[in-house]
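Taking it in order: structure first as structure tokens, then the write-up.
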Number of protein chains: 2
Amino acid sequence: MNIGDVASFSGLPAKTIRYYEDIGLVQPLRSANGYRSFRQSDVHKLAFLSRARALGFTIEDCRSLLKLYADTERASSEVKQIATEHLARIDQKIAELTEMRATLAHLVDACAGDHRPDCPILADLAMMQEAN
Amino acid sequence: MNIGDVASFSGLPAKTIRYYEDIGLVQPLRSANGYRSFRQSDVHKLAFLSRARALGFTIEDCRSLLKLYADTERASSEVKQIATEHLARIDQKIAELTEMRATLAHLVDACAGDHRPDCPILADLAMMQEAN
DNA sequence: ATAAGGGTTCCACCTGCTGGAAGGTCAATA
DNA sequence: TATTGACCTTCCAGCAGGTGGAACCCTTAT
């Protein structure tokens, strides 16, 4: 399979697939003409990566997950730990964004948004200047 | 004011302040010895930037906001638009993360996380391989 | 023969900093 | 006065995770 086919199959751009090869996540063979030649297992790996990335796992997480995936003797606890840590990071991020959202929504709400220059958003961002 | 003082005052690392000068967000003067010399207005700008960045505005947003801030003739609608677009981006991000979180939490929940190799997390990530 | 549509490499760029090396400056102390 | 230590300076490199483009090769059809 050439890279274009793999791209449409895995949903990853060809550029990304080349990048994944660069950083050692996949090792496709090469045809006589120099084209990358992907085996079924490579395609599976890439689909795996595509899904893992879509769930927000970092590349390093993906590397670990692929290793565990390949090791049929792994303990599921190892996988669960990676996923649990990632879940905590997501929760953290959601909490941060939610707080930002609240503040920002409040400001947007307070701003008339008309032709006049008075703007609570700028006033809040400046704050210190207010005390001036 | 030297960069160290400004850093502790604005809450931004000195490195970041230098970077902000690099990209033209602030233009401090220079003392005879070559040290950056920050006026009150620079310090205010940096505090403004610090708050705007904490609310997740991009650097380019900040650039626009600073320009609007400096322009006492601005229409508040211009500010509101930037903030509203940013709010939408935040909502988008929260939605994505929330979906990720749901899927991941479901998987983590389903995984025994013990010494055995059976793992629904890997199984789900692989999917295609399942059909193999 | 040539044009279209694959593929290849390499290098630069994106966001928003951060770290480190190598050196200049300043105030206080031994 | 020498020297320490805490400042400051510049410049260069790197992080994640790709993306864009240039310049080129390969294959197939017309």
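The values are calculated or read from the model by the stated rules, or taken from the named source; none is laboratory data. A quick note: this is a predicted structure, and the numbers were derived from the prediction, not measured. Virtual Cβ from ideal backbone geometry, glycine too; neighbours counted across all protein chains shown. Each accessible area value is taken on the protein alone, full model and side chains, heavy atoms only, with ligands, DNA and RNA left out. Shrake-Rupley method; radii C 1.70, N 1.55, O 1.52, S 1.80 Å.
Residue-by-condition table, conditions (1) in the same structural domain as B:ALA47 (by TED's automatic domain parsing); (2) closer than 30 Å to B:PRO120 by Cα; (3) within 15 Å of the chain's Cα centre (by Cα):
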| residue | (1), (2), (3) |
| --- | --- |
| B:GLU60 | yes, no, yes |
| B:LYS67 | yes, no, no |
| B:VAL79 | no, no, no |
| B:THR84 | no, no, no |
| B:ILE90 | no, no, yes |
| B:ILE94 | no, yes, yes |
| B:GLU99 | no, yes, no |
| B:LEU107 | no, yes, no |
Item to check | Residues (facing chain B (nearest Cβ under 8 Å), within 18 Å of A:PRO28 (Cβ to Cβ) and touching a residue at least 24 places away in the same chain (Cβ under 8 Å)) located in the range A:44-56 | outcome: A:ALA47
Item to check | Tally of residues being in a helix (DSSP H, G or I) and more than 9 Å from DNA strand D (Cβ to nearest atom) across the range A:18-31 | outcome: 1
Item to check | Meets criteria (out of contact with any Phe, Trp or Tyr (no Cβ under 7 Å at 6 or more places or on another chain), closer than 30 Å to B:ASP71 by Cβ and modelled with pLDDT of 95 or more) for A:ARG89 | outcome: no
Checklist entry - When you look at B:GLU85, is it under 19 Å from A:CYS111 (Cα atoms) and more than 7 Å from chain A (Cβ to nearest Cβ), yes or no? => result yes
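May I ask you to list the residues in the range B:31-40 that are out of contact with any helix residue (DSSP H, G or I) (no Cβ under 8 Å at 6 or more places or on another chain) and either within 13 Å of DNA strand C (Cβ to nearest atom) or open to solvent by less than 40 Å² (accessible area, probe 1.4 Å) (or both)?
Of the residues in the range B:31-40, the ones out of contact with any helix residue (DSSP H, G or I) (no Cβ under 8 Å at 6 or more places or on another chain) are B:31-34, B:37, B:39-40.
B:SER31, B:ALA32, B:ASN33, B:GLY34, B:SER37, listed by residue number.
Please give the helices (runs of 4 or more DSSP H) falling wholly within the range B:58-132 in which 3 or more residues are at negative phi and basic (Lys, Arg).
Values: elements: B:59-70, B:76-110, B:120-126.
Result: B:76-110.
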Checklist entry - Filtering the range A:23-43 down to residues that are in contact (Cβ under 8 Å) with a residue 12 or more places away in the chain and of a type in the set (A, V, I, L, M), which residue is farthest from the other protein chains (Cβ to nearest Cβ)? => result A:ILE23
Checklist entry - Within the range B:41-56, can you find the residues that are buried (at least 22 other Cβ atoms within 10 Å of the Cβ) and near DNA strand C (Cβ under 8 Å from one of its atoms)? => result B:LEU49
Checklist entry - Can you tell me how many residues in the range B:57-82 are out of contact with any helix residue (DSSP H, G or I) (no Cβ under 8 Å at 6 or more places or on another chain), open to solvent by less than 70 Å² (accessible area, probe 1.4 Å) and facing chain A (nearest Cβ under 7 Å)? => result 2
Checklist entry - Residues in the range A:89-107: is at least one buried (at least 17 other Cβ atoms within 10 Å of the Cβ), more than 7 Å from chain B (Cβ to nearest Cβ) and under 30 Å from A:ALA52 (Cβ atoms)? => result no
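Would you call A:SER8 open to solvent by 70 Å² or more (accessible area, probe 1.4 Å), more than 8 Å from DNA strand D (Cβ to nearest atom) and hydroxyl-bearing (Ser, Thr, Tyr)? Give the derivation first.
Numbers: open to solvent by 70 Å² or more (accessible area, probe 1.4 Å): yes; more than 8 Å from DNA strand D (Cβ to nearest atom): yes; hydroxyl-bearing (Ser, Thr, Tyr): yes.
Yes: the conditions hold for A:SER8.
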